[in-house]
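The values are calculated or read from the model by the stated rules, or taken from the named source; none is laboratory data. Bear in mind the structure is a predicted one, so any value in this text is a computation, not a measurement. Neighbour counts are summed over all protein chains in view; Cβ atoms, including those assigned to glycine, are modelled from backbone coordinates with ideal geometry. Ligands, DNA and RNA are excluded from the accessible area calculation, which covers all protein heavy atoms including side chains. Shrake-Rupley method; radii C 1.70, N 1.55, O 1.52, S 1.80 Å.
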Amino acid sequence: MFHVKHNFPHVLLINPWISDFAAYNFWIKPLGLLNITSLLRNNGFRVTLIDCLDSLIRTRRYGDGKFFKTKIEKPLPLKSVPRNYSQYGIPEEMLLKRFSMLEEKPDIVGITSGMTYWYPGVFKLVEITRKFFMNVPIILGGIYATLCYEHAKKHSGVDVVFNGKDEIEVLRLVSDLTNEELITHNSKLSIDNLPYPAFDLYRKLDYVCVSTSTGCPLQCTYCASAFLTKGYSRRDPVAVVDEIEYWTIKHQVKNIAFYDDALLIEPSKHFIPMMREMIKRGIHCSFHVPNAIHIKEIGEDVADLLFRGGFKTIRLGFETSNEGTQIETGGKVNNQEFQQAIKYLTRAGYPGEEIGVYLIAGLPGQRADEVKEGIALVRDAGANPMLVEYSPIPHTQLFEKAKKMSQFDLENEPLFHNNSILPCQWDGFTMGDYRRLKEGLRRK
Ligand code: SF4
């Protein structure tokens, strides 16, 4: 137990930098951290939020854009990769300035984390925070902390690594560490009565992110959704529309990114009533689905509501056209369902080039030709193929196979999960093959 003051503890919550070869802000916001911030605030805690990624240098039409970046030394395990490596987000001096402007030292610091291979940015933040606020306990949570719990415990230098799966557990942890009694109890919290995420703490809001559900009922072998969430549950569709209306009216937000893993599952119970309500209330906003939506669920009515409802960035999770791989990896969609969905989307009004279709490149044991065939099938259907390099994720079914196939030590070094290095490259799918495929897409 840490010894801290007992009245109105002050919690500093920080979203760290990204450290990588490349990063682009496709509506990135630390939604989990913002939910926790709101819950703490509702429970009487004083909160300060610092988002190291709140640093867009150029914003595009829909609020996405480039991060400010600072070139940094490559970590030793990535030294041989012939690309520049950068820290994305606010300059370090700005972080120190934000620290020194705080009216009062925090009683506790909470840091979140993203992709497993972004941990150098997290460690740097921990080091700076530790130096500045000596003896203040630091909790580390988020995706890296959950997926690489032992690595984070051993190397991050924080006091507590949190690998729980919901916000109330974090609340309880902070309450224990600060000896502060909670107003909210377990029984009072559900997916439908969480306070809205603390987006109001941003000085400028180009977009917000909304989750209408948690988890996913499917189990694709390359995906960690099941491990990272406590099962699949969804919010009341009308409550989601209330939230969207709140952001668009109270904060004049014009762009909303859905963060769901499974936005379209059972559309007649969720997506369809939600979008009908949105249209009925006359909510005008641009919607984006950077996480991709389930192709199988795109019928005529869903396609029509996507188009009429204002979905501007359509991304479909097709992954592969190889029927064997489709079945082996979980069977979320087949080629006929894909072709049918593209017909519905085109008929609804989407030009083919606006229908982005993700294809995974570099799955363990995958041949380059499989991706080439996928590209051809997507093009034949009239849509826009987009390659996504495979990233091996701990606690997924495919991770074991990836470890066996990879030349890199995926088990002990999360930096090797970085999809930019094509972690499962082999004679049948080399980096050269990958570049040729990319080049072919550009030349189209
Ligand atoms: S459908 Fe999407 S979110 Fe669900 S398990 Fe598969 S990849 Fe993950």
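In this view, the solvent-accessible surface of H417, computed with a 1.4 Å probe and all protein chains in place, comes to about 0 Å². For trypsin sites (Lys or Arg not before Pro), the sites in the stretch 82-142 that DSSP calls loop and that have at most 16 other Cβ atoms within 10 Å are R83.
Residue separation of E266 and N335 scaled by 0.36 nm, minus their Cα-Cα distance, works out to 22.8 nm of gained length. Taking Cβ separations below 4.7 Å as the criterion for a possible disulfide partner, the isolated cysteines in the chain are C52, C148, C209, C216, C285, C424. In sequence order, the stretch 88-101 has phi-based couplings of 9, x, 4, x, 4, 4, 5, 5, 5, 4, 4, 4, 6, 7 Hz under the Karplus curve 6.51 cos²θ - 1.76 cosθ + 1.60, θ = phi - 60°, and Gly or Pro positions carry x.
Of the candidates I327, I393, I108, which one comes out as most mobile in a Gaussian network treatment of the chain with C-alpha springs shorter than 10 Å? Looking only at I327, I393, I108, the largest GNM fluctuation is found for I327.
Once the C-beta distance of A239 and K404 is scaled by a Förster radius of 45 Å, the resulting FRET efficiency is 0.50 to the nearest 0.05.
Positive-end ranking of C148, F99, V109 along the dipole of the stretch 79-151, with charges on Cβ about the Cα centre, is headed by C148.
Taken along its principal axes, the alpha carbon cloud of the stretch 331-444 reaches lengths of 49, 30, 20 Å, longest axis first.
Applying the Karplus relation 6.51 cos²θ - 1.76 cosθ + 1.60 with θ = phi - 60° to the stretch 407-420 yields 3J(HN,Hα) values of 7, 9, 7, 5, 5, 9, 10, x, 4, 7, 7, 4, 5, 5 Hz, where x marks Gly and Pro. Here the peptides 170-176, 35-41 are ranked by packing, the mean other Cβ count within 10 Å, and the order with the highest first is 35-41, 170-176.
Centre-to-centre separation between the Cα atoms of the stretch 273-337 and those of the stretch 185-245: 18 Å. Length gained on full extension, R172 to R130: 12.8 nm, using 0.36 nm per residue less the C-alpha separation. Across the options G309, F271, S225, the greatest Cα extent toward the positive end of the charge dipole of the chain (unit charges at beta carbon of Lys, Arg, Asp, Glu) belongs to G309.
Here K131 is the anchor, and the lysines within straight C-alpha reach of less than 16 Å, apart from those fewer than 8 places off in the same chain, are K97, K105. Under the combined filter of DSSP loop state and at most 10 neighbouring Cβ atoms within 10 Å, the stretch 185-279 retains these trypsin sites (Lys or Arg not before Pro): R203, K204.
Exposed loop sites were defined as GluC sites (Glu not before Pro) in DSSP loop states (anything but H, G, I, E or B) carrying at most 16 other C-beta atoms within 10 Å; in the chain the longest segment without such a site runs 182-410.
Dipole magnitude for the chain: about 1200 debye, using +1 per Lys or Arg Cβ and -1 per Asp or Glu Cβ, origin at the Cα centre. Each Lys and Arg contributes +1 and each Asp and Glu -1, all at the Cβ; summed about the Cα centre of the stretch 6-140, the dipole is approximately 440 debye. Inter-label distance, R276 to Y246: 2.5 nm, where each label sits 7 Å from its Cα along the C-beta direction. Taking amide hydrogens as placed 1.01 Å from N in the peptide plane, the amide H of D261 sits under 5 Å from those of G215, each at least 5 positions away in sequence or on another chain. Between D20 and S86, Y88, the built amide H atoms are under 5 Å apart, and every one of these is 5 or more places off in sequence or on another chain. Put a dot 7 Å past the Cα of K97, heading toward its Cβ, do the same for R203, and the two dots end up 0.8 nm apart.
In whole percent, what relative contact order does the chain give with Cα contacts below 8 Å and a gap of six or more residues? Relative contact order of the chain: 13 percent. Evaluated at q = 0.06, 0.11 Å⁻¹, the base-10 log of the normalised Debye intensity for the chain, with identical point scatterers placed on the Cα atoms, takes the values -0.26, -0.92.
Helical content of the chain, expressed as a calculated mean residue ellipticity at 222 nm, amounts to -10500 deg cm²/dmol (DSSP H runs of 4 or more residues, -39,500 (n - 2.57) each, divided by residue number, nearest 500).
If the reach is capped at under 18 angstrom between alpha carbons, list the aspartates and glutamates near K154, excluding any in the same chain fewer than eight residues apart. Here the aspartates and glutamates satisfying the reach criterion relative to K154 are E127, D409, E411, E413. Annotation: extensible slack from T221 through K343 equals 41.1 nm (criterion: 0.36 nm per residue apart, minus Cα-Cα distance). Amide H contacts of G164 (H built 1.01 Å from N, in plane; Pro and chain starts excluded): no residue 5 or more places away or on another chain comes under 5 Å.
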